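The values are calculated or read from the model by the stated rules, or taken from the named source; none is laboratory data. Just so we're clear, the structure is a prediction, and the values are computed from it rather than from any experiment. Ideal geometry is used to build each Cβ from the backbone, glycine not excepted, and the neighbour counts take in all protein chains shown.
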Amino acid sequence: MNIFVANLNFKVRGQKLQEVFEPFGEVTSARVIIDKKTRRSKGYGFVEMPNEIEAAKAIQDLNGQELMGRQMVVQQSKGKEGGADHPDDSNSSMME
């Protein structure tokens, strides 16, 4: 399951996201979206977990939890990255 994570502290990187989600099960990828021009985080990212039950538990337990001073918004991704449900910008790149 692809999980959308928003309202991230700008210092959070993919490794930190992976560490937060791993207690719930296997994480196949964790990445934060970075603005290509400024090289700063856009404040959101994606986590991929292959087990849907574990992913659902992670979403339930982590949504609204604080990470590095910011309350995370965690939900199932509704489409592909950059789709209509998430910001899209040609100035974006991913940082794992």
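Considering each of Ala56, Ala30 in turn, give the residue that is under 18 Å from Lys78 (Cα atoms), free of Cβ contacts under 8 Å to residues at least 60 places away in the same chain, touching a strand residue (DSSP E or B) at 6+ places or on another chain (Cβ under 9 Å) and not in a loop (DSSP other than H, G, I, E, B).
Values: Ala30 fails: free of Cβ contacts under 8 Å to residues at least 60 places away in the same chain.
One residue alone meets the criteria, Ala56.
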Across the range 1-27, what is the total count of residues that are surrounded by fewer than 19 Cβ atoms within 10 Å (Cβ to Cβ), part of a loop (DSSP other than H, G, I, E, B) and free of Cβ contacts under 8 Å to residues at least 60 places away in the same chain? 4
Is one or more of the residues making up the range 43-62 modelled with pLDDT of 95 or more, in contact with a Ser or Thr (Cβ under 6 Å, 6 or more places away or on another chain) and aliphatic (A, V, I, L, M)? no
